Every structure is written in structure tokens, then in C-alpha cells.
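**Student:** Sending over a structure as C-alpha cells; questions will come in a sec.
Read the figures in this text as sums done on the coordinates, not as results from a lab. All figures in this text were calculated on a predicted structure; none of them were measured in a lab. No Cβ is skipped: glycine too gets one built from the backbone with ideal geometry, and neighbour counts run over all protein chains shown.
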């Protein structure tokens, strides 16, 4: 019963903090609207023509690959801290993780996802 009470208290506290943040934000934020806020903005240059245009999917793929290897680094830091305590099983599991990521990199390289054209 103690675990359930603790869980309910944590959930209610989280909801209260979210509601407080939302309420304070709505109370403090300015209420004016400027039509210029709705315009697309890039590098201080006003847009010409339509703001919504197609872009190459290569940029998207490049960003996804960056995130994938960035997350790899995030997962490797905790492993590096406890590598001596984990033994051979820890080493093999991280090697398996790295092999999967290297295979993903090889696939992206083979598909020319890393080239800017």
C-alpha cells in the first residue's frame, strides 16, 4: 500500500507542477499579437514567395544519422563509468551495440546518405 501511495503522491505532484507552470506562463506572458510573428523568418532576410517549399530528404536523413550517433555517445558514457564492474558480459553487450551502429553507418554510407549534393 505504501508504494501505491507514493506513486499517487508523485503523480499528483507532477500534475500540480505542470499546472502551476502552465498557469504562471499564461498569467505572465504578453497578450498582444503581431502579424509579423506568423511570418517565416530566416537570417533576417524577408522571404520572397511562398514560405512552404519542398526540401531535399537528404537533409532529413543526415539529421537522423546525427541524432543516432549522438544518442550512441550518450549511451556509451554510463557504460564507460562502470565497465570494470560489468566484466565480459558488459563488454560483449556494448560490442554488439557498436556492431549494430557500425552496420547502420555502413548502410547509410552505401546509400550515399552522407554526401551533400
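**Student:** Given springs between every Cα pair under 10 Å in a Gaussian network model of the chain, which of 17, 76, 95 has the largest fluctuation?
**Tutor:** Most flexible of the set in this elastic network: 17.
**Student:** Continuing with this model, one more query. Only counting other Cβ atoms within 10 Å, I'd like 31, 110 sorted with the fewest neighbours first.
**Tutor:** By the 10 Å Cβ count, ascending, the order reads 31, 110.
**Student:** On full extension of the chain, what length is gained from residue 4 through residue 102, given 0.36 nm per residue of separation minus the C-alpha to C-alpha distance?
**Tutor:** Fully extending the segment from residue 4 to residue 102 adds 31.0 nm.
**Student:** Between residue 91 and residue 15, take the C-beta separation as r, use R0 = 41 Å, and let me know the FRET efficiency to the nearest 0.05.
**Tutor:** 0.45
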